[in-house]
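FYI, it's all coordinate maths here, none of it is from the lab. This structure is a prediction, so every number in the text was calculated from the model and none was measured. With ideal geometry, Cβ positions are generated from the backbone for all residues, glycine too; neighbour counts draw on all protein chains shown.
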Amino acid sequence: MEVGFIGLGLMGRPMALNLIRAGHSVHVWSRRRASMAPLLEAGAGDAASAAELAERCPVTISMVADAPDVEQVTLGPGGVAERARAGHIHVDMSTIAPAAAQRIAAALAEKGVVALDAPVSGGEVGAVAGSLTIMAGGDAAAFETVKPLFEAMGKSVTLIGAAGAGQVAKACNQILTGVGVAAVAEALNFATRSGVDAARVREALLGGFAYSRILENHGQRMLERNFKPGFKAWMHQKDLRIVMEEAHRLGLALPASAATAQLFNAVVGSGMGEDDSIAMLRLLERMSGAEE
């Protein structure tokens, strides 16, 4: 399948590479031209704008930071809608607010473009391995058309519902993972401050009802103090901001999410925004008076 890919950062670059490896004809554009180099070397086509990608390919994919970026590359000057033909499918795989996804989908529909929101979970490791979890919202026929692209990038691909539903699922994912990271960091910090071997505690907990993939994977990285980003703390801060804005819009009480969002605000405010989200451990250590 011929596809245009927009946004080649930490996640987008390996996702686009996996499309190439799966045999798809990939064309790329990024606001930072240097980030295109690995894709061009791998055989991707070079485009001068998102609009050029849309003119060249029946499907475009965006993987950018937030809703304003999605709007810019789809509806702004030089964006997808500028030169897309009727029936063009645009898939946004960024994490943005459900309401924003619905608004962008409606605006694209007015220009003859079918939109899917398809955020992902799995971080850089999943993007590199092609094992992402993909949660989609939008037209079922369009979903089936692009499903081979999803299957080249992920191992779990689910159509959740109408436009914005994929973003709702991703928000739920970020609640569970954000609160989970905070809980594991609290538990390991509590063990250490109590004078107990946190590694032995984690080993014991992995055998019981407290088991989680976050305790297994992130917990190990906390013990190793490996804060190299697979998913940056500022990204989780942004995602939980989306969760809380949606909660305010819907009039929902999300107390655990609210507390965790404040902790991620503090992680970023403490200068650890570019570290992995497990830098939550370092924040709790500082709050407990521990020396790093």
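List of remarks:
- For the chain: relative contact order, % (alpha-carbon pairs under 8 angstrom, 6 or more apart): 13 percent
- Note on the chain: GNM, Cα springs under 10 Å; of 165, 182, 86, the largest mean-square fluctuation is that of 86.
- Label corresponding to semi-axes √(5λ) of the Cα gyration tensor in Å when calculated from the structure given, among (i) 36, 20, 17; (ii) 26, 23, 20; (iii) 24, 23, 21: (i)
- Helices assigned as whole DSSP H runs in the chain whose Cα atoms extend at least 27 Å along their own long axis and whose mean Kyte-Doolittle hydropathy is 1.0 or higher are not found.
- Shown here is the pair-distance distribution of the range 2-162: with all Cα-Cα distances grouped in 5 Å bins from zero up to the longest one, the shares run 2, 11, 21, 25, 23, 14, 4, 0 percent.
- Under 5 Å, built H, 5+ apart or other chain: amide partners of residue 163: 138
- With Cα atoms as the point set, the radius of gyration and Dmax of the range 169-287 evaluate to 14.1, 44 Å.
- Eligible lysines near residue 155 by straight Cα distance, threshold 30 Å, same-chain separation 8 or greater: 147, 170, 228, 232, 238
- ³J(HN,Hα) computed for each position of the range 270-277 - Karplus, 6.51 cos²θ - 1.76 cosθ + 1.60, integer Hz, glycine/proline x: 8, x, 10, x, 8, 7, 4, 4
- Of all the options 256, 47, 142, the one that moves most in a Gaussian network model of the chain with Cα springs shorter than 10 angstrom is 256.
- Relative exposure of 124, 245, 224, judged by other C-beta atoms within 10 Å (fewest first): 224, 245, 124
- Stokes-Einstein, applied to the Kirkwood radius of the range 80-209 over Cα pairs at a viscosity of 0.692 mPa s and 37 °C, places its translational diffusion at 197 µm² s⁻¹.
- Backbone N under 13 Å from the residue 22 label point (7 Å along Cα→Cβ), restricted to the range 45-67: 61
- If you run the Gaussian network model on the chain, springs between alpha carbon atoms under 10 Å, then out of 177, 192, 74 the most flexible one is 192.
- Counted by neighbouring Cβ atoms within 10 Å, the residues 92, 69, 276 run from fewest to most as 69, 276, 92.
- Near residue 2, the amide H atoms lying under 5 Å from its own belong to 25; only residues 5 or more places off or on other chains count, and H is placed 1.01 Å from N.
- Ratio of Rg to Rh for the range 196-238: 1.05 [Cα atoms; Kirkwood radius as inverse mean 1/r over pairs].
- Neighbour-count ranking [beta-carbon atoms within 10 angstrom, fewest first] of 24, 236, 248: 248, 24, 236
- Cα-based Kirkwood hydrodynamic radius, the range 243-292, one decimal, Å: 12.0 Å
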